[in-house]
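Reading through the structure tokens given below for one structure.
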């Protein structure tokens, strides 16, 4: 009889009103009260978040809410409800295990902000392959995560296969050689780093961490493909010096249109390459040597009748010309390449004896 009376009271409007009066404005406080999935019912969440819709109230568990499209849509677009869920480890574990829930979460600005602000939520997301796959390295959810050192740090670590609970933010990742070696060896982790100005700023602030990236072909491929990363790298002399000293890193840069564009616009980047590259002059009649690598770039090109021989033209790369130059190129091939470069500056030029077109080519 007492149990029946208690049930009737719990279901009554008077009880629900009494519970509503106890609701704290602090969503984290409510997350602790509703921390177990069994208590994260539609009725409890509705009361805590001020939701009146019956689709939410009718669900007995958070899993049922996720399975109900109407209830799920209401939930991910309710700030208080999402703050409660983001602060609950149990609730987040339910969310990240469901591709349905994650697909709804990543389309909601409210939901993404809630999880990006919670270390509890980011630990769950970073540790879940389902969640990481949904977020990727583009889109609304990633754009929200990438500006937070805590969120992007944990996300990157999760992509690298390490435990996110051991790293508070991106700075903690940078100072750990174990973490940085794991990140540099993982394309998903490096793609996430390269697309985040917050992560790149932390990375480039550490010579040790940046050298780990420069030594990794996986890492440099990700950096070279990202305009965010390359603009930051090209503007920093120290970073570009490390790149210019590595043939592997320079090859990654030369192989990417995005990277080349960033380098061409940066005096610091060009100066760093110049300082560590080999300079060779090629004319239309004789070559002073052969190029020894698969990529090269042209410092300047002079036309046969152009008096301003010191004028700079836009940097041009061998990838722009068919065939390019490789290790087996002969002096004849190198000479023809240079002559083509010289003539490409102005196809109307006519060579003048003793003043042939030439190209100054730097290789690595």
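Given the criteria in a helix (DSSP H, G or I) and surrounded by fewer than 18 Cβ atoms within 10 Å (Cβ to Cβ), does residue 123 qualify? Judged against the criteria, residue 123 is not a match.
Out of everything in the range 155-181 that is without any contact (Cβ under 8 Å) to a residue 24 or more places away in the chain and more than 14 Å from residue 127 (Cα to Cα), what residue ends up being surrounded by the most Cβ atoms within 10 Å (Cβ to Cβ)? Looking at the filtered set, the residue picked out is 179. Within the range 56-73, the residues that satisfy the criterion of being surrounded by fewer than 21 Cβ atoms within 10 Å (Cβ to Cβ) and under 20 Å from residue 96 (Cβ atoms) are 61, 63, 64, 67, 68, 69, 73.
Among the residues here, residue 235 does not qualify as touching a helix residue (DSSP H, G or I) at 6+ places or on another chain (Cβ under 8 Å), at pLDDT 80 or above, under 18 Å from residue 190 (Cα atoms) and surrounded by 15 or more Cβ atoms within 10 Å (Cβ to Cβ). Annotation note: Cβ proximity below 8 Å between a residue of the range 58-70 that is touching a residue at least 60 places away in the same chain (Cβ under 8 Å) and a residue that is surrounded by 14 or more Cβ atoms within 10 Å (Cβ to Cβ) (sequence gap 6+ or interchain) occurs for no pair. Filtering 133, 112 for residues that are more than 23 Å from residue 31 (Cα to Cα) and either free of Cβ contacts under 8 Å to residues at least 24 places away in the same chain or in a helix (DSSP H, G or I) (or both) leaves a single hit, 133. Flag not set for residue 234, criterion: more than 27 Å from residue 139 (Cα to Cα) and more than 15 Å from the chain's Cα centre (by Cα). Within the range 79-97, being within 15 Å of residue 50 (Cα to Cα) and either within 27 Å of the chain's Cα centre (by Cα) or surrounded by 24 or more Cβ atoms within 10 Å (Cβ to Cβ) (or both) holds for 79, 81, 82, 83, 84, 85.
Looking across the range 245-255, the residues that are surrounded by 19 or more Cβ atoms within 10 Å (Cβ to Cβ) and at pLDDT below 85 come down to 250, 254.
The residues on offer are 152, 145, 135, and the sole one that is modelled with pLDDT under 95 and surrounded by 20 or more Cβ atoms within 10 Å (Cβ to Cβ) is 135.
The values are calculated or read from the model by the stated rules, or taken from the named source; none is laboratory data. The structure displayed is predicted, hence computed values, not measured ones. All Cβ positions, glycine included, derive from the backbone under ideal geometry; neighbour counts span all protein chains shown.
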